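Encoded as structure tokens, the structure appears first; notes follow it.
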Amino acid sequence: MSDQGREVVFAQAIRTALREEMKRDESVILWGQDIGVYGGVYGATTGLQREFGKERVRDAPISEMAIAGLAVGSAILGMRPVVEIMYADFLMHASDAIANQAAKWRYMSGGQFKVPAVFRSPGGGGSGYAAQHSQNIEAWFCHIPGLKVVCPCMPRDARALLKTAIRDDNPVVFLEHKSHYTHRGPMPKEEETLPLGKADVKRQGSDVTLVSWSRTLLWALEAAERLQDEEGVSVEVIDPLTLRPLDLDCILESLGKTGRLVIAHESHAFCGVGGEIIAQIAENHLDLLKAPPKRVCAVPCPLPYSEPLEKAALPDADNIAAAIRKVVG
Amino acid sequence: MQPERIEQLLHYYKDMLRIRYFEEKILNYMLPNKLFRGSSHLCIGQEAVAVGAIHAMEAEDYLYTTHRSHGHTLARGMDMEAAFAEIMGRTTGVCHGRGGSMHLADASLRILGANPVVGSNIPMAAGSALALKMQGKPGIVVAFFGEGALNTGACHEAFNMAALWDLPVVFICEDNQYAISVPEATAMADEDLHERAAAYGMEGLRLDGMNVLEVYEYCRASFGKTRRTGRPALLVFDTYRFVGHHTADSEQYRPKDEAIEVLREKDPVHFVEREFLEDCLVDPEKAVDIRLEIKEEVEAAFQRALNGPWPDPEKLTEGLWAESEVTCDE
């Protein structure tokens with residue numbers, strides 16, 4: 001972190017990664033709905049068609065099954081497609097190509113093929129898009145062996161991880177947060193990559209380990225600051241960055257210090273990644289826990305439209321702080 | 001008939017016999033002796049499409065097939081022992097026992113894989129064609145599927161994108177009349193299936209799939225056109241499967257004698273034999289010798305496959321990840 005670099009918004013970090021990788025490797029190609037002249041509904045591909053042309057940056061029809069299916073077929077023959085599915089909710093249309101085909105093609109063939117495809121998609125609530133344009137479905141893809149799943153929050157991480165995802169020879173589901181594209185953060189000028197499967201300690205602490213990702217990480221950091229300032233509770237905040245493969249070692253190391261665990265994510269608790277992390281710790285490292293762990297997640301309900309309802313449904317710094325107090329107390 | 005034409009017909013005849021005997025071995029020996037798991041989808045009756053179309057491909061071309069893949073893969077040259085071994089789940093199988101009958105693939109023959117999720121190989125084939133186009137490589141992609149796949153959303157999305165983006169892919173629909181148990185009239189709003197191509201500005205042809213030489217000629221012409229123009233095409237071949245959808249099919253959805261009648265009339269293997277005999281192209285005794293020779297070849301491959309070792313359960317996850325194996329979360 002020697003050079004923090006200039007401040008960029010999250011969308012620009014994504015765009016930077018795409019641009020750098022497209023310059024670096026001709027086999028990197030993009031397609032998706034409205035990603036050409038329009039630059040994607042969240043501006044993640046602005047200017048890329050102008051720079052790289054209509055062959056390498058393609059506007060696709062509203063055909064998620066084929067958008068993802070073509071990605072798999074082109075990856076099998078050596079391209080590195082990065083396709084955008086406009087909303088993570090629409091990944092359900094594309095999920096046969098991702099979960100049935102991309103994830104399994106190598107294994108089913110006895111290791112004969114590689115599928116280096118990246119499926120980018122924005123999910124998440126907080127913008128009043130209601131139940132079918134706001135879901136966080138990282139757990140769905142984490143469940144499938146053969147897929148890597150990345151859920152970055154900070155622009156710098158997003159750029160470095162997307163570059164690695166594109167270079168990875170396995171299919172990667174890269175989930176961005178829709179209400180987060182204008183979030184600002186520092187990003188160095190020089191190129192950098194981060195390994196998939198390595199977590200990052202975002203804040204050092206000694207009383208509680210707080211694991212959080214995607215946009216919820218912002219609320220986690222806010223809660224941690226507040227508890228430190230107001231109540232003297234020292235919270236260590238970990239961003240796994242990649243949910244599969246999961247860097248459990250980083251969490252375990254922190255638990256060795258704190259013995260207390262809170263996990264906060266915007267997706268639902270039931271069968272979620274937070275539950276998986278707790279299960280893995282309970283199965284093999286229960287002795288590390290001094291208190292029962294807690295999860296802070298979305299209320300199990302389709303996400304409502306109305307602002308006070310949506311606010312009530314999603315985790316925020318207050319919920320997270322309350323959970324930490326329970327675990328500490 | 002010219003001598004080279006007779007040679008060609010003999011070559012195709014042998015390939016069709018190989019497929020027929022391979023599948024009869026599955027049906028008549030491996031099934032009762034429980035030598036494979038799950039089910040196996042046979043193409044008995046459909047061999048002319050597989051052999052005619054595959055021989056119209058060049059070595060540089062790529063191939064996607066379906067759950068009913070034995071015809072396509074064997075015609076393309078898949079080693080019979082490796083195919084049998086795969087179906088029996090042996091480590092000597094072409095996919096080391098990871099795939100089985102429904103997932104035969106062989107990168108060395110450019111068989112990119114069999115896809116038993118109906119319709120899902122169609123977008124993948126278009127994607128592979130896009131890769132060839134972007135890389136400036138020669139070759140086309142040929143994707144086989146049954147008529148049932150024509151009703152999937154994936155199929156229509158991919159037809160549109162293949163035509164829109166000028167992708168060098170030929171879609172071959174093997175219309176065997178039944179999608180498992182459902183006859184066309186029950187599932188197709190319009191039975192002129194090839195006309196669906198017109199909606200995407202793509203050439204669509206409906207052709208007889210029981211005469212292997214005709215299939216070859218049709219495909220040769222169509223593949224050549226796609227090679228020249230880079231445009232996709234849809235070929236619908238009328239064919240018929242004489243056996244059930246898979247090896248566990250009771251076939252109560254069609255009259256008992258229907259298959260026998262079609263078999264008697266249209267069996268693509270008998271069709272070639274009739275051509276031989278009627279036109280005195282091949283000595284009848286030679287035809288018998290050929291049959292025996294292929295039967296022995298299939299039997300020998302089967303016996304070798306039967307001796308193949310089982311995969312090591314310790315290596316269960318091998319081949320899941322490209323590059324280094326990921327173990328930190330498992």
Cβ neighbours within 10 Å from other chains - mean over A:76-84
5
By the gyration tensor of its Cα atoms, with a ≥ b ≥ c the square roots of the eigenvalues, what is the shape of the stretch A:173-329: rounded for a/c under 1.5, prolate for a/b over b/c, or oblate?
rounded
Taking the Cα-to-Cβ direction at A:Glu253 and at A:Arg24 and moving 7 Å from each Cα, how far apart do the two end points lie in nm?
2.4
Quick check: the angle from helix A:317-328's long axis to the longest principal axis of chain A, C-alpha only, nearest 10 degrees?
50
How long is the protein assembly as shown along each principal axis, judged by its Cα atoms, biggest number first, in Å?
100, 53, 44
Pairwise FRET efficiency - A:Cys271 versus B:Ala185, Cβ, R0 = 30 Å, nearest 0.05:
0.10
Peptide B:94-106 - average C-beta neighbours from other chains (10 Å radius)
4
Cα-centred dipole magnitude for the stretch A:177-225, charges only on beta-carbon of K, R (+1) and D, E (-1), debye, nearest 20
200
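Given N residues in the stretch A:8-187, what is its alpha carbon radius of gyration divided by 2.2 N^0.38 Å? Show your work: numbers first, answer last.
Working: Rg = 14.8 Å, N = 180, 2.2 N^0.38 = 15.8 Å.
Computed over Cα atoms of the stretch A:8-187, the ratio equals 0.94.
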Pairwise Cα inverse-distance average, inverted: Kirkwood Rh of chain A (Å):
20.0
Within the stretch B:163-182, whose backbone N sits under 20 Å from a point 7 Å along Cα→Cβ of B:Ala198?
B:163-164, B:171-173, B:175
Starting from 0 in steps of 20 Å, tell me what percent of the Cα-Cα pairs of the stretch B:3-315 lands in each bin.
34, 59, 7
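Which shape class applies to the stretch B:1-103: rounded if a/c is under 1.5, otherwise prolate when a/b exceeds b/c and oblate if not, where a ≥ b ≥ c are the square roots of the Cα gyration tensor eigenvalues? Intermediate results must be reported in sequence, preceding the final value.
Details: a/c = 2.35, a/b = 1.67, b/c = 1.41.
Prolate shape, in that a/c is at least 1.5 and a/b is the bigger ratio.
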For A:89-101, what's the mean count of beta carbons from other chains sitting within 10 Å of each residue's beta carbon?
2
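At R0 = 30 Å, how high is the FRET efficiency between A:Ala291 and A:Lys311 if r is their beta carbon distance? Nearest 0.05 is fine.
Details: r = 28 Å, r/R0 = 0.94.
That pair, A:Ala291 with A:Lys311, gives E of 0.60.
For the pairs A:Lys54/B:Lys225; A:Lys189/B:Lys133; A:Lys104/B:Lys34; A:Lys257/A:Lys326; A:Lys114/B:Lys137; A:Lys114/A:Lys257, flag any whose C-alpha to C-alpha distance is greater than 30 Å. Please list the in-between numbers first.
On the way: A:Lys54/B:Lys225 25 Å; A:Lys189/B:Lys133 34 Å; A:Lys104/B:Lys34 26 Å; A:Lys257/A:Lys326 18 Å; A:Lys114/B:Lys137 19 Å; A:Lys114/A:Lys257 40 Å.
The pairs that break the limit, which is 30 Å between Cα atoms, are A:Lys189/B:Lys133; A:Lys114/A:Lys257.
Sort A:Val328, A:Val299, A:Val233, A:Val82 so that the residue with the fewest other Cβ atoms within 10 Å of its own Cβ comes first and the one with the most comes last.
Numbers: A:Val328 18, A:Val299 14, A:Val233 22, A:Val82 29.
Arranged by neighbour count, lowest to highest, A:Val328, A:Val299, A:Val233, A:Val82 become A:Val299, A:Val328, A:Val233, A:Val82.
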Please give the residues of the stretch A:79-104, grouped as numeric ranges, whose backbone N is less than 20 Å from a label point set 7 Å along the Cα-to-Cβ vector of A:Asp34.
A:82-94
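Tell me, which longest segment in chain B has none of the trypsin sites (Lys or Arg not before Pro) that fall in DSSP loops with at most 15 further Cβ atoms within 10 Å?
Details: sites that count: B:Lys34, B:Arg37.
Result, exposed sites excluded: B:38-330.
Please label the shape of the stretch B:187-330 as rounded, prolate or oblate, based on the square roots a ≥ b ≥ c of the eigenvalues of the alpha-carbon gyration tensor (a/c under 1.5 means rounded; beyond that, a/b larger than b/c means prolate, else oblate). Each step should come with its number before you reach the end.
Numbers: a/c = 1.71, a/b = 1.19, b/c = 1.44.
It is oblate, given that a/c is not under 1.5 and a/b is not larger than b/c.
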Measuring from its Cα centre, the stretch A:200-328 shows a charge dipole (+1 at each Lys and Arg Cβ, -1 at each Asp and Glu Cβ) which, in debye to the nearest 20, is 260
Determine, for A:Ile144, A:Ile324, A:Ile98, A:Ile277, the number of other Cβ atoms within 10 Å of each Cβ, and report the residues in order from fewest to most.
A:Ile144, A:Ile277, A:Ile324, A:Ile98
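Counting other Cβ atoms within 10 Å of each Cβ, which GluC sites (Glu not before Pro) in the stretch A:53-120 have at most 16 and sit in a DSSP loop?
Working: sites: A:Glu55, A:Glu64, A:Glu84; in loops: A:Glu55.
Those that pass, being in a loop and sparsely packed, are A:Glu55.
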Any chance you could check the Cα centroid distance between the stretch B:262-327 and the stretch A:156-206 for me, in angstrom?
50
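May I ask you to sort A:Val37, A:Val172 by Cβ crowding, counting other Cβ atoms within 10 Å and putting the fewest first? Please report the intermediate quantities before stating the final value.
On the way: A:Val37 12, A:Val172 30.
In order of increasing Cβ crowding within 10 Å: A:Val37, A:Val172.
Only the coordinates and a few stated rules stand behind these numbers; no lab work does. All of these numbers come straight from a predicted model, not from anything done at the bench. In this analysis, Cβ positions are derived from the backbone assuming ideal geometry, glycine residues included, and neighbour counts consider all displayed protein chains.
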